[in-house]
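The values are calculated or read from the model by the stated rules, or taken from the named source; none is laboratory data. Computed from a prediction, not measured in an experiment: that's the story for all the values here. A quick note on method: Cβ atoms are made from the backbone with ideal geometry, for glycine too, and the neighbour counts reach across all protein chains shown.
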Amino acid sequence: MSRRRRVFFIAIAVLGLVVMACTCSMPKLNTGGPAPKATVPVSKEAAAQMQKKIDQAAAQARSTGQFQVTLTESEITSYIDQYIKERQAQGDQIPITNPQIKLTQRQMWIYGTFIAGPSKFNGLVVVSPQVQNGQLKIQVVRADLGLAPAPQPLLQQINEQIQASVDQASSTITLTGITIREGEVDVTGKSNQ
């Protein structure tokens, strides 16, 4: 499995952990929850553009030892939407549909329709990614699933599980920075090879 597939698989797994942890004792819901004020456009072209940028960054890392890539909300949302649909077509159970990725307030706001057993509801997971000593650190700072926010002790438990998964993922790159601006994210790093 390629590095970028692993990263997105981890992102989907993070969402799955959040959903399962927050809904294990919830009754069946088919209702409300948070939704973005404006939707992020989703297209095959934007997904292809993100793939092209990732490929260019990989080539840049191979030739210069360093890389820099800027991704937009539309590219990330389209790429993840396409990835989810591909996995579902292969029979995988993915706990989110209709993803909407908003890049704002130095955080990634992940909206979508979350599915956990018989429960189906709108939700929001707010993630604060950072780079520390060349390693990606992901912190879920907020999880609103349906009409109920996740309590702080549960968020701490989820964060520990997520970071353990991220730390286990091997990498051929060292990240040097992640900067989230309104609507865009810059990722910089260097090759370890």
Count - residues of segment 133-164 that are surrounded by 15 or more Cβ atoms within 10 Å (Cβ to Cβ), among the hydrophobic types (A, V, I, L, M, F, W, C) and closer than 23 Å to residue 36 by Cβ
9
Among (1) free of Cβ contacts under 8 Å to residues at least 60 places away in the same chain; (2) among the small types (Gly, Ala, Ser); (3) within 18 Å of residue 158 (Cα to Cα), there is one condition residue 89 misses while meeting the rest; what is its number?
(3)
Just to be sure before I move on: is residue 87 closer than 27 Å to residue 179 by Cα and surrounded by fewer than 20 Cβ atoms within 10 Å (Cβ to Cβ) in the structure I sent?
no
Please work out if residue 65 is surrounded by 15 or more Cβ atoms within 10 Å (Cβ to Cβ) and modelled with pLDDT under 95.
no
In the set 72, 23, the lone residue that is surrounded by 17 or more Cβ atoms within 10 Å (Cβ to Cβ) and at pLDDT 95 or above is 72
Residue hits (segment 90-119; charged (D, E, K, R) and either surrounded by 18 or more Cβ atoms within 10 Å (Cβ to Cβ) or assigned to a helix (DSSP H, G or I) (or both)) are 102
So residue 38 clears everything in (1) modelled with pLDDT of 85 or more; (2) more than 21 Å from residue 177 (Cα to Cα); (3) not in a helix (DSSP H, G or I) except one condition, right? Which one?
(1)
